[in-house]
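Trainee: Before anything else, here's the structure in question.
The values are calculated or read from the model by the stated rules, or taken from the named source; none is laboratory data. Just so we're clear, the structure is a prediction, and the values are computed from it rather than from any experiment. Neighbour counts run over all protein chains shown; Cβ positions are idealised from the backbone, glycine included.
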Amino acid sequence: MIFIIEHLEKELYEWCLIEYEHISKIIGKNSTIFTNINKKDIKRLKKYGAVSEKSISKSKFNNLCVLSQYSKKTLATDDKNKFKYFVFGGILGDNPSKKRTNMLIKSLKKHNVKFETRSLGKKQMPTDAAVYAAKKILEGKKLNELKFVDELEIEISENESVKLPFRFVVDNNKLIINEKLIEYLRNRKGF
């Protein structure tokens with residue numbers, strides 16, 4: 001199984017880089033491909049997986065499963081036998097969602113790329129959380145066996161916190177999040 005992260009942001013923001021590093025740790029560098037990456041950012045991502053400037057819709061991949069919260073069909077363990085590539089939109093989540101994965105799906109259709117879609121539920125997840133959940137499902141879990149928290153509040157200082165209105169995975173009573181992200185949020189100036 002290969003996991004493809006189609007970068008859908010204008011640049012490679014620090015937040016994205018933190019999530020992409022986490023994805024590489026979750027599934028391994030050899031199972032990770034980043035697509036639609038600006039030439040200037042390729043070197044920064046090579047240590048985390050294969051990198052391509054081309055969008056997935058303009059590449060020669062086939063046997064694709066695009067993960068979308070809007071898909072009517074839920075990802076199941078058997079999908080690992082049906083698909084070779086699992087595609088995730090690399091997105092800094094917006095609330096409400098801008099539905100950028102739907103734009104990716106339209107581009108795939110426009111370029112006559114054969115694919116199917118699957119869902120990990122209706123709630124928006126950070127890309128690394130979606131990859132973690134998909135990996136667990138493809139390894140044998142059912143979506144309803146996974147535990148989630150639907151909003152995360154991170155304390156920044158004694159009098160300040162930031163809420164992340166996205167779904168995160170909790171596995172063995174441990175929140176699946178890159179500690180670097182928490183440090184990044186605590187050190188970031190202004191929200």
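Trainee: Consider only pairs whose beta carbons are under 6 Å apart and that are at least six residues apart or on different chains; among these, list those whose first residue lies in segment 112-125 and is surrounded by fewer than 17 Cβ atoms within 10 Å (Cβ to Cβ) and whose second residue is hydroxyl-bearing (Ser, Thr, Tyr).
Mentor: Matching pairs, first to second residue: SER119/SER71; SER119/THR74.
Trainee: Right, next: I want to confirm something. Restricting to segment 153-177 and keeping residues that are under 17 Å from the mean Cα position of the chain (by Cα) and modelled with pLDDT under 90, which single residue is nearest to GLU14 (Cα to Cα)?
Mentor: The extreme case among them is LEU164.
Trainee: For segment 169-183, state whether one or more residues are in contact (Cβ under 8 Å) with a residue 60 or more places away in the chain, within 25 Å of ILE33 (Cα to Cα) and part of a helix (DSSP H, G or I).
Mentor: yes
Trainee: Could I ask something else about it? Considering segment 1-31 alone, what residues qualify as being at pLDDT 95 or above, over 17 Å from MET125 (Cβ atoms) and outside any helix (DSSP H, G or I)?
Mentor: Answer for segment 1-31, where residues must be at pLDDT 95 or above, over 17 Å from MET125 (Cβ atoms) and outside any helix (DSSP H, G or I): ILE2, GLY28.
Trainee: Moving on to the next point. Looking at segment 1-28, which of its residues are of a type outside the set (A, V, I, L, M, F, W, C) and touching a strand residue (DSSP E or B) at 6+ places or on another chain (Cβ under 8 Å)?
Mentor: Answer for segment 1-28, where residues must be of a type outside the set (A, V, I, L, M, F, W, C) and touching a strand residue (DSSP E or B) at 6+ places or on another chain (Cβ under 8 Å): GLU6, HIS7, GLU9, GLU19, TYR20, SER24.
Trainee: Take the residues in segment 132-152 that are under 23 Å from TYR20 (Cβ atoms) and of a type in the set (A, V, I, L, M); name whichever of them is modelled with the lowest pLDDT.
Mentor: Here the residue is LEU152.
Trainee: Checking ARG188 against (1) basic (Lys, Arg); (2) surrounded by 17 or more Cβ atoms within 10 Å (Cβ to Cβ); (3) modelled with pLDDT under 90, which test does it fail?
Mentor: Failing condition for ARG188: (2).
Let's see how each residue does on (1) aromatic (Phe, Trp, Tyr); (2) under 21 Å from TYR184 (Cβ atoms):
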{"position": "GLU6", "(1), (2)": "no, no"}
{"position": "GLU11", "(1), (2)": "no, yes"}
{"position": "TRP15", "(1), (2)": "yes, yes"}
{"position": "GLU21", "(1), (2)": "no, yes"}
{"position": "GLY28", "(1), (2)": "no, no"}
{"position": "PHE34", "(1), (2)": "yes, yes"}
{"position": "ASN38", "(1), (2)": "no, yes"}
{"position": "LYS43", "(1), (2)": "no, yes"}
